[in-house]
Amino acid sequence: MSPLEIPKPAILMVDDKLDNLALLQELFTRLQAELVSVTHGDEALRYAIERDFALILLDVDMPGMDGFEVARTLKQIKATRNIPIIFLTAVFRDQEHRLTGYRCGAADYIEKPLEPEILLTKVQVFLDLYRVRKEVESGVEELRLESARSRALESKLQVIQYAVDHTGDAAFLIDHSGRFHYVNRSACQALGFSEEELLRMRVWEVDTTLSQERWPGYWQQLQMAKSMTFKSVHQHRSGEQFPVEIQSNQVELDGEVYRFAYARNIGNRVAVEEQLQLLSTAVEQSSATVMITNREGKIEYVNRRFESLTGYSWEEVQGQNPRMLKSNLNDPAVYADLWQTIERGDVWNGELINKRKDGSLYWEFLQISPVRRVGQEAVTHFVAVKEDVSDRKAVEQSLKIYERIVSNTSELLSFIDANYCYQAVNRACLQAFCKSELDALGHHVQDVVGEAFFHAFAKPKLDKALAGETGNYAQWVTLPDGQEHYLQIHMNPFGTPGKDDHGVVVNIVDLTERQRAQEEIKRSRARFRTVLDALDAYVYVADMESYEVLFLNRKGREIVGDIGDKLCWQNFYPEQNGPCRFCTNSRLVKEDRAVGSLVWEQFNPGMNRWLQMQDRAIPWDDGRLVRMSIAYDISELKQVQGALEQALGRAEQATRAKSEFLATMSHEIRTPMNAILGTAELLGESDLSAEQAHYVEMFTSAGEALLGVIDDVLDISKIEAGKVDLELLPFSPHKSVRDANAVVAHRAARKGLYLIQYMDASVPQWIKGDPARTRQVLLNYLSNAVKFTEHGSITTLGHCRPLKPGWLELVLTVVDTGIGISPSQQAALFEPFTQADSSISRKYGGSGLGLAISQRLAALMGGKTAFNSVLERGSSFSLSMPVELVDLPEEAERKHSLQGRQVLLVCRSPERGAEYQALLEQMGAGVVVCSQQRHVEGCLEVFKAHGVPDLVLFLHDEGTIESLAKKLSRLRDGSGQESLPIVVCGDIAERVTSRMVEALGIPFTLLPDTLDDLAKHLLYQFPLSSKPSRATWESISPAPLQILLAEDGEDNAVLVQAFLKKSPHQITWVKNGQQAVEAVMAEEAAFDLVLMDVQMPEMDGYEATRQIRAWEQREGRAAMPILALTAHALSDHVAMSLEAGCDAHLSKPVKKKTLLEALHQFALPKGDGLL
């Protein structure tokens, strides 16, 4: 190739720092060479293999493959082994590190920071060498132009010599004898010799580390490495020695081996390195923490003190941010100020609370300084020098607390030196003497406390303290505020006599209030003793351990005389030989503390008096707890109390006699009345003429009236005796009104009266109260209204008024159009056994107790009664009482109870029918409504269209029982079913209905005209599992029972047997409780149920029941139902029956229906569930 065809030399620059590559790019722009930059070793290998480079500039420390490994790899590859390599590194560890570079095949080893001119010169040399090499490789041109080549080579050599001559390092060519064959200009300048002089000299004449004797062995060492770098010492012609760094390379010229060496004066660098080593040692051994971070805040250095203080090792913090020490307890503004300061290049000083590795906190003082490169403005690093000031902070905090305590204590504290001048004084002292700190510090005591007080009191006491005597004094002193103060003054000597610290610490406590309080206590005790002496009671104080009497008032001294050295029990109970067994000491103190007072009574035989004792533990003058006893003479009170107790006993006995009389009267009346009314009921079910039926109705009504009188008398008696207990339950006020109206509906209908009910929308569906007592009051009002109203209507009204959250006032009013009450008669209206006048009693009857009972029941329920009446126009009576709102009770049992059943509803009134239809549908039934005028025909048409239903509900609103019976008979015949369930809702006398039903054989159930009664009947009495053949209680086929009847009255026993004559039950009759027990326990006995009278000869029903229950338990038998059947009707007797073991309590006179229902409760066939 011709010279014109020589390629442009290329330089491969390898460095992982982009800023270093950019610097080299800028530096080499003047060179006639192509520049290629890479950042990784493996990338450098790829480029070196692909291209022919004149020179490779190679960094040593790089991530992944370092420079040494890259060089070794290049030297192993044939295509790249001859490429010169210059190592550029900022890390110089030791001479071995440099030798490693040369061993890897480096041509040169240059340390950063780089000297630009030197680097350019050396690079230019290698570029020239590259060009030379390329020219040498041009074999054809070299053969053709040998002479020209020689001249070119000579020219190139001249260029090389020029470059070597002008380099900054001294250059030598040395042979095996140590003679210089070539030296450059820099060598002559560095050593002070001319070129001719040096060429005549030997190496050991300029290198002080060598000698002529050592040279042969040293030459042999040099021959072992073609290239090596080491340090030595050269000597100037003047004798001055200086350190040098020598780079020696082996070369061959004309078959001879030479060493070409560069020597660089490193005197300044060594000094710097020594200084850096000294500084590094100082930093490592410093007691302060040193941390260096880069511009981004990553930690690049910490000293040993950092590791011992924080607990973090260098490996744990390297590359981390100092925020890892952050405690989050410093004000964010501190950090903001820190960064603003150091980012603008200033030094920041401050204190921070930081956190160690183990989580503990410490205070440190920091000085953070920015670091810049020489000649540059940009900050490259930050150096933080930190001092642990935790101990100082703790001391400062303690001092602040101490100063705060001293400053804010109420005690007057000061330090007075040997010249009687204040050197320290707290706020309380300044305030007491009305001085400012400026007026007190350094001033004489006399100027502060006054001349008189100083000479009379302060100076003598201070002199004693200065002499080493500690003093405590208490004295009344007039301070500058003009008030007398009782001061306790404590003087304590301080320091060493003759020294600056010699003085007196003065501590003054103002005890004025305490002193005055003590004096007041003394005066109070004197007054207290005077008061105790004036008391009309015996008062003494005794020690609780020794029983020594410490104080006895005048009245006590009058009884026992001088207490002397007698103990308390010796003074008041001289007949005893030791402390009183009833002594209260142990109950007055618990865990060394007084626990209140005890009040008790006792009879003192020595005084022959009754005493009321009040004992209490109190602190005595010396701080111990003592017992103070106050004894009041209550002998006269006891006499009065005894008389009152006797009177109370007589009154209670009279009350018991009255109650027993009423109970006995009730029992004795109810027993025969049971037979009378029961017989009347049986007669009513038989075939009677109209006149006979009228007579039966007359004595039934009379008997029921008599029972009503008895019930009223018992009620008023219980109310007056305070034995009426309210039962607060959720109930429906709407139902209570309907139920009460239903009771009087029959009587009202017979008189042609309209019963009207209106409940305002303000009345909730459910409230909490006593439903039974509410119903009783309403019944009294309604019964009176029916009794005293001949024509018109009776209206029940209800509304509510809000009281407080969750509470309402319920007002129920009954308004009639009756005879009214005159104003003169109204005053005694609510008196027991009183009516408006005697003519009313004769005409209308009654006991006159209804309104009195109502008024008292209203008061018991927290309410009241009121009335308004106009003569001949009517009256209104109201009940108002507080009630609590409650949630609607769960009615889930109603829902779906008629699921799948078909019901035919027969009703003429659409409005009335809609209510019943809604109820039936709510219970899950399918409803077909027949509202035609001709009921029976309409029902039969429904039968044909829809089939026979499961139930017929007939709303009876007109016609007689005879007409109703005919309709039902036709309905039954038309259905084709003999046992079609029919329920009739209407108002027909039950006795008449039963007779007609029995006569016609028509199965139906008669219910009052209310939705609640219908729902209850369908829910509990209408069978779901199968269609009943009859719908009345009598028609449901019960399981036959073996019944044991314990009854001492023959007429009542006969009556019960008559009631059950048509039932499948078998009755065994015994006449007392003993016989009942024996019958039950007999081996052949197999009774299913016991009807137990209570009051019987030999053994009553209560005891008989208890014995039966005990026997059942002993024998492991199931409990047999026992129903109390007794004339005892009081609530106490009901409780006694249940307590004895009875399952239910039936009061005489008992109706046939009530008895049958009770029996059916225990006699339903197995498997027949109730709806």
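Can you give me the ranges of the strands (runs of 3 or more DSSP E) entirely in region 181-270 with at least 3 residues that are surrounded by 13 or more Cβ atoms within 10 Å (Cβ to Cβ) and in contact with a Lys or Arg (Cβ under 9 Å, 6 or more places away or on another chain)?
227-235, 241-253
State which residue pairs qualify: first residue assigned by the TED database to the domain that holds Leu24 and inside region 36-48, second residue of a type outside the set (A, V, I, L, M, F, W, C) and at pLDDT below 85 in any location, beta carbons under 9 Å apart, and separation of 6 or more residues or different chains.
Note: pairs meeting the criteria are His40/Gly64; Gly41/Gly64; Asp42/Gly64.
If we keep just the residues of region 416-432 that are crowded, with 18+ Cβ neighbours inside 10 Å and in a loop (DSSP other than H, G, I, E, B), which is modelled with the highest pLDDT?
Checked region 416-432; the qualifying residue modelled with the highest pLDDT is Tyr420.
Among the β-branched types (Val, Ile, Thr), at pLDDT below 80, out of contact with any helix residue (DSSP H, G or I) (no Cβ under 9 Å at 6 or more places or on another chain) and over 27 Å from Thr310 (Cβ atoms) - does that describe any residue in region 397-411? Even if it seems obvious, please write down each step before you answer.
To start, the set of residues in region 397-411 that are among the β-branched types (Val, Ile, Thr) comprises 401, 405-406, 409.
Narrowing further to those that are at pLDDT below 80: 401, 405-406, 409.
Narrowing further to those that are out of contact with any helix residue (DSSP H, G or I) (no Cβ under 9 Å at 6 or more places or on another chain): 401, 405.
If we keep only those that are over 27 Å from Thr310 (Cβ atoms) too, we end up with 401, 405.
For region 397-411, residues among the β-branched types (Val, Ile, Thr), at pLDDT below 80, out of contact with any helix residue (DSSP H, G or I) (no Cβ under 9 Å at 6 or more places or on another chain) and over 27 Å from Thr310 (Cβ atoms): present.
Out of the residues in region 1037-1054 that are charged (D, E, K, R) and in contact (Cβ under 8 Å) with a residue 24 or more places away in the chain, state the one that is farthest from Pro1121 (Cα to Cα).
Asp1051
Could you please find all residues in region 210-258 being under 23 Å from Ile86 (Cβ atoms) and aromatic (Phe, Trp, Tyr)?
Those that are under 23 Å from Ile86 (Cβ atoms) and aromatic (Phe, Trp, Tyr): Phe230, Tyr258.
Name the helices (runs of 4 or more DSSP H) wholly within region 501-614 that hold at least 3 residues that are aliphatic (A, V, I, L, M) and outside the structural domain of Asp633 (by the TED database)?
By residue number, 512-534.
Could you check region 795-840 and list, in sequence order, the residues that are buried (at least 18 other Cβ atoms within 10 Å of the Cβ), modelled with pLDDT under 70 and among the polar types (S, T, N, Q)?
The answer is Gln835, and nothing else.
Please enumerate the residues belonging to region 1055-1084 that are without any contact (Cβ under 8 Å) to a residue 40 or more places away in the chain and surrounded by fewer than 17 Cβ atoms within 10 Å (Cβ to Cβ). Don't jump to the end; show me each part of the working.
Start the filter on region 1055-1084 by keeping residues that are without any contact (Cβ under 8 Å) to a residue 40 or more places away in the chain, which leaves 1057, 1061-1062, 1064, 1066-1079, 1081-1084.
Matches in region 1055-1084: Gln1057, Lys1061, Lys1062, Pro1064, Gln1066, Thr1068, Glu1078, Met1081, Ala1082, Glu1083, Glu1084.
Any residue in region 708-724 that is over 17 Å from Leu851 (Cα atoms), of a type in the set (Lys, Arg) and at pLDDT 70 or above?
Checked against the condition, which is being over 17 Å from Leu851 (Cα atoms), of a type in the set (Lys, Arg) and at pLDDT 70 or above, region 708-724 yields no hits at all.
When you scan region 515-544, how many residues do you find that are polar (S, T, N, Q) and within 25 Å of Cys568 (Cβ to Cβ)? First the steps, then the outcome.
Step one: list which residues in region 515-544 are polar (S, T, N, Q), which gives 515, 518, 524, 530.
Now restrict to residues that are within 25 Å of Cys568 (Cβ to Cβ): 524, 530.
Of the residues in that region, 2 qualify.
Quick check: anything in region 1099-1118 under 15 Å from Asn1052 (Cβ atoms), assigned by the TED database to the domain that holds Leu1146 and in contact (Cβ under 8 Å) with a residue 40 or more places away in the chain?
Yes, region 1099-1118 contains a residue that is under 15 Å from Asn1052 (Cβ atoms), assigned by the TED database to the domain that holds Leu1146 and in contact (Cβ under 8 Å) with a residue 40 or more places away in the chain.
Looking only at region 621-634, decide whether some residue is assigned to a helix (DSSP H, G or I), at pLDDT 70 or above and not charged (D, E, K, R).
No, every residue in region 621-634 fails to be assigned to a helix (DSSP H, G or I), at pLDDT 70 or above and not charged (D, E, K, R).
Can you name every residue in region 1144-1156 that is more than 55 Å from the chain's Cα centre (by Cα) and not hydrophobic (A, V, I, L, M, F, W, C)?
If the condition is that a residue be more than 55 Å from the chain's Cα centre (by Cα) and not hydrophobic (A, V, I, L, M, F, W, C), then Ser1147, Lys1148, Pro1149, Lys1151, Lys1152, Lys1153, Thr1154 are the ones that fit.
Within region 780-794, how many residues are more than 11 Å from Leu879 (Cβ to Cβ) and buried (at least 18 other Cβ atoms within 10 Å of the Cβ)?
9
Could you identify the single residue in Glu660, Glu668, Glu645 that is modelled with pLDDT of 70 or more and of a type in the set (Asp, Glu)?
Working: Glu660 fails: modelled with pLDDT of 70 or more; Glu668 fails: modelled with pLDDT of 70 or more.
Of the residues listed, the single one that is modelled with pLDDT of 70 or more and of a type in the set (Asp, Glu) is Glu645.
Let's see how each residue does on (1) hydroxyl-bearing (Ser, Thr, Tyr); (2) assigned by the TED database to the domain that holds Glu43; (3) under 24 Å from Arg264 (Cβ atoms):
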{"residue": "Glu69", "(1), (2), (3)": "no, yes, no"}
{"residue": "Lys75", "(1), (2), (3)": "no, yes, no"}
{"residue": "Ala79", "(1), (2), (3)": "no, yes, no"}
{"residue": "Ile85", "(1), (2), (3)": "no, yes, yes"}
{"residue": "Ala90", "(1), (2), (3)": "no, yes, yes"}
{"residue": "Leu99", "(1), (2), (3)": "no, yes, yes"}
{"residue": "Tyr102", "(1), (2), (3)": "yes, yes, yes"}
{"residue": "Leu114", "(1), (2), (3)": "no, yes, yes"}
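Can you name the residue in region 302-358 that is among the polar types (S, T, N, Q) and touching a Leu at 6+ places or on another chain (Cβ under 9 Å) and is also farthest from Met291 (Cα to Cα) among such residues?
Asn330
Looking at Ala761, Ala749, can you tell me which residue is under 25 Å from Gly862 (Cβ atoms) and out of contact with any strand residue (DSSP E or B) (no Cβ under 7 Å at 6 or more places or on another chain)?
None of the others qualify; the one that does is Ala761.
Are there any helices (runs of 4 or more DSSP H) wholly within region 868-976 with 2 or more residues that are crowded, with 16+ Cβ neighbours inside 10 Å and at pLDDT 80 or above, and if so which?
Passing ranges, in order: 910-922.
The values are calculated or read from the model by the stated rules, or taken from the named source; none is laboratory data. If you're wondering where the values come from, they're calculated on a predicted model, not measured in any experiment. Using ideal geometry, Cβ is built from the backbone for each residue, glycine included, and neighbour counts are taken over all protein chains shown.
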